[in-house]
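Enquirer: Let me give you the structure first, and then I'll get to my questions.
The values are calculated or read from the model by the stated rules, or taken from the named source; none is laboratory data. As the structure is a prediction and not an experimental result, all values here were calculated from the model. All Cβ positions, even for glycine, are placed from backbone atoms using ideal geometry, and neighbour counts span all protein chains on display. We work out accessible area using only protein heavy atoms, side chains counted, and drop any ligands, DNA or RNA first. Shrake-Rupley method; radii C 1.70, N 1.55, O 1.52, S 1.80 Å.
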Amino acid sequence: MKVVIIGAGLSGLCCAYELERHGIKPDVFEERSRSGELFPHVSAMMEMFIRPNRDPVKYLEREFHIKLKPLHEIKTIEMRMARVKRSVTGNLGYFFLRGQSENSVESQLSRMLKTKVHYNVHADYEQLSREYDYVIVCTGNSRTAKTLGVWDDLFYSLLRGVIVLGEFDTSKIIMWFNKKYNDTGYAYLTPFSSDMASLILIVRGIGPEELDDYWHLFWQNGNFNYKIVESFTLEHIAGLVYPHQLENILLAGNAGGFLEPFLGFGQISAIRSGVYAAQAVAQNKDYEKLLEPLKTDLSRSILLREYLNASGNRSISMVTRVITMPGIKQLVYNSGVDVLKYGTGLLKILDKLTGERISKQ
Ligand SMILES: Cc1cc2nc3c(=O)[nH]c(=O)nc-3n(C[C@H](O)[C@H](O)[C@H](O)COP(=O)(O)OP(=O)(O)OC[C@H]3O[C@@H](n4cnc5c(N)ncnc54)[C@H](O)[C@@H]3O)c2cc1C
């Protein structure tokens, strides 16, 4: 069977690895000279988004045979809202190095492969679909799905990332939700080390000319005394894709609409969809069916995102107070309770308790 994968990012590399496990040696084309973004950053893999599973590293190994070495464990989440600041502690997930360095997730995955990736090749799915039995599109963007007419825009955001020098706790992620400077987006800080971190601001629905203003407002409000050593700007586009397979073309990762819209996280869903695409091809299974659990998680995450969009600073601060109360905090951050599944229900209960309309009906 002749299979080609376009894109050697998270979904493409995991797809190739799963195909190899089934005895299929795919061709993999990547337009960069190495896997991974040109700028390094630190990503978070949160335990609460894989419930009822508890440990993302063990989950990936058990379910997908993918062994990844994280950079640090996440032991504290600090939430800085407009009216309230709260911290929770526990075994909350992991930080991973992203980009092109030796220990980045992309480099770790590349080393797991026997298949040689063909770098510096910009591949065209249409041409390849005539030459191969299957084309798995893992390009990290919406272009192919849009051309095929199967993409519906959900959220368009702009992302400003900077690498900063300062003093950091390597086990802490800091998150900011404040309508004043990030509208319906948010910001987060993830540490490389005790003296270097990535700081990312995501703002939804604005034009490139507005991003600087939002950034300055955020920077001023944060009272940061960090030194910026690098910065980058990217688009963050979440969309809904259906179907995910058209004849011999399969869409995975961000190209399949698997960027989680609540926080813009997509590592786990990129890995999952890449593996499912490989299983669909190798075992002649229905890709859409394999994707069902992932699509359910995605639709729950859309509801949480809609809540965030519809709520003001007051409501968000209030929810933060509630979810960090003793007992509830334990349930949300330190239990096997599926937060994605019950999160929207919890918001509705809070509506009733407080008499405020904080969740979208
Ligand atoms: C700054 C930033 C921070 C993030 N932080 C987090 C986080 O904290 N937690 C989290 O879970 N997620 C995070 N994400 C999201 C996560 O990184 C993505 O969802 C995930 O990488 C998507 O994987 P992918 O395989 O779809 O795409 P990618 O990993 O982007 O890979 C796509 C690859 O395809 C290649 N390509 C594209 N077109 C072609 C072509 N025509 N021919 C050949 N090659 C091509 C690209 O060069 C690229 O290497 C973050 C993303 C960014 C940008």
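Enquirer: For region 83-99, does any single residue satisfy the condition of being closer than 27 Å to Tyr17 by Cα, within 13 Å of the ligand (Cβ to nearest atom) and small (Gly, Ala, Ser)?
Expert: Looking through region 83-99, at least one residue is closer than 27 Å to Tyr17 by Cα, within 13 Å of the ligand (Cβ to nearest atom) and small (Gly, Ala, Ser).
Per-residue answers, yes or no, for (1) assigned to a strand (DSSP E or B); (2) of a type outside the set (S, T, N, Q):
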position	(1), (2)
Ser231	yes, no
His236	yes, yes
Arg272	no, yes
Val275	no, yes
Val281	no, yes
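Enquirer: How many residues are in contact with a helix residue (DSSP H, G or I) (Cβ under 6 Å, 6 or more places away or on another chain) and of a type outside the set (A, V, I, L, M) when one looks only at region 73-93?
Expert: Going residue by residue through region 73-93, those that are in contact with a helix residue (DSSP H, G or I) (Cβ under 6 Å, 6 or more places away or on another chain) are 79, 81-84, 86, 88, 90, 92-93.
With of a type outside the set (A, V, I, L, M) added as a condition, the list becomes 83, 86, 90, 93.
Residues flagged as in contact with a helix residue (DSSP H, G or I) (Cβ under 6 Å, 6 or more places away or on another chain) and of a type outside the set (A, V, I, L, M) within region 73-93 amount to 4.
Enquirer: Suppose the filter is more than 30 Å from Tyr134 (Cβ to Cβ) and within 21 Å of the chain's Cα centre (by Cα); does Leu199 pass it? Step through it out loud before you land on a result.
Expert: On the way: more than 30 Å from Tyr134 (Cβ to Cβ): yes; within 21 Å of the chain's Cα centre (by Cα): yes.
Here the answer is yes, as Leu199 does meet what is asked.
Conditions tested, residue by residue: (1) within 19 Å of Gly253 (Cα to Cα); (2) open to solvent by less than 10 Å² (accessible area, probe 1.4 Å).
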position	(1), (2)
Cys14	yes, yes
Tyr17	yes, no
Arg21	no, no
Lys25	no, no
Val28	yes, yes
Ser33	no, no
Phe39	no, no
Met45	yes, yes
Met48	no, no
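Enquirer: Related question: Residues that are surrounded by fewer than 21 Cβ atoms within 10 Å (Cβ to Cβ): which strands (runs of 3 or more DSSP E) entirely in region 74-181 hold 3 or more of them? Walk me through it before giving the result.
Expert: Working: elements: 85-98, 134-137, 151-165, 172-177.
Filter on region 74-181 gives 85-98, 151-165.
Enquirer: Could you tell me whether Gly9 is more than 10 Å from the ligand (Cβ to nearest atom), open to solvent by 10 Å² or more (accessible area, probe 1.4 Å) and either more than 15 Å from Ile249 (Cα to Cα) or within 15 Å of the chain's Cα centre (by Cα) (or both)? So that I can check it myself, show each step before the final result.
Expert: Details: more than 10 Å from the ligand (Cβ to nearest atom): no; open to solvent by 10 Å² or more (accessible area, probe 1.4 Å): yes; either more than 15 Å from Ile249 (Cα to Cα) or within 15 Å of the chain's Cα centre (by Cα) (or both): yes.
In short, no.
Enquirer: Moving to a separate point now. Please work out which one of (1) under 17 Å from His244 (Cβ atoms); (2) in contact (Cβ under 8 Å) with a residue 24 or more places away in the chain; (3) away from the ligand (no atom under 14 Å from the Cβ) is the condition Tyr276 fails and give its number.
Expert: (3)
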